[in-house]
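**Q** Structure below; questions to follow.
Values quoted throughout were computed directly from the atomic coordinates according to the rules given, and no laboratory measurement underlies them. Owing to the predicted nature of the structure, the values given are computational and were not obtained by experimental measurement. Cβ placement follows ideal geometry from the backbone for every residue including glycine, while neighbour counts extend to all protein chains displayed.
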Amino acid sequence: MVRTGTEGVRDYDFQRPHQLSRLELDALTLLFESWGRVTANFLSNYLRTVVSLHEVSGQQLPYEEYLDRVRVPTVLAVWDLNREAGGTALLQLDPAIALNIVDRALGGPGYGPFPVRELTEIEQAILRRILRRMGDLFVQTWAPTAPLSLELTQLEFNPAFAPVAAEGDLVVAFSHAISLDGQEGRLTWVWPFGVMRPLAELLTRHSLGREEGRRVEPRPREMERHLKAVPVHCTVVLGRARITLGDFDRLRAGDVLLLDRRYDESLELRVAGLPKFDVVAGRSHGHFAVRVIGRRPLDE
């Protein structure tokens, strides 16, 4: 018997074989979303502004196709994956976003615009410290599934000097939209397929094992008790001042900076980087302290 027709037949793209299953890619996307949330929280606290990592998209593509999309110069963090399988990965960041992060880390306003250029040695040193913390958060995100250890080995600005795969090899890229001080950009993880495949299989088995296990009964009171014990980082903003670089260079002990807030105005209490309460300053038991006098509107 001869069967004719093309029903149920689909084209096979040899340039994009999509060797990860849809289930594996979806599971990885959820994990990168989780990393994006904790990383956004870290950056918001560290840089004292609201940072958002969202719109995660996962894609498999040939390495040369990824290279064609990269605009030079860009910021490329090269990571060594210390597992039995070995391998390397890339974290790509728009230069303007990287400079905004550095500016904020140094106490600047982060207003921009920031040029598209390579970073100086000092800027690289500051960015490396922040990237290492982001790498630690990635390892923590993977901890329930696989014991990883990421080591930041180099920063490059041209992908030609940071190859993680050969032309024709498949890579897996997970791209985040990042928003910082109203500036939009992209942050992208790039993993060789040979490195990501065993991790994807581990993650999928872990997810399926949890789904096939016994049903977990909800425990709202226990969850509430644990949430109430979570430490929250609070910061009181005394005020802000803008000075020129020349004035900054001439600052000496005894100089006075005029802040943008009057002495009799309330101060701003920030929780996890977001303004939440109005407070007044004082002392309590020999320490500086603040007294809450009101809650900030939710839309601030």
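**Q** Suppose each label sits 7 Å from its Cα in the direction of the beta carbon; what would the Val271-Val72 distance come out to in nanometres?
**A** Result: 4.9 nm between the two label points.
**Q** Another question about this same structure. How much length is gained on full extension from Arg37 to Val280, taking 0.36 nm per residue of separation minus their Cα-Cα distance?
**A** Contour length minus the Cα-Cα distance gives 84.3 nm.
**Q** Using the Kyte-Doolittle scale, find the helices of the chain whose mean hydropathy is at least -0.5 and whose Cα atoms extend 24 Å or more along the helix's long axis, counting only whole DSSP H runs.
**A** In the chain, the long hydrophobic H runs are 22-47, 121-142, 193-212.
**Q** So, one more: Using Cβ counts within 10 Å as a stand-in for footprinting exposure, how do Asp260, Asp94, Asp26 rank, fewest first?
**A** Details: Asp260 9, Asp94 20, Asp26 14.
Exposure proxy ranking, most exposed first: Asp260, Asp26, Asp94.
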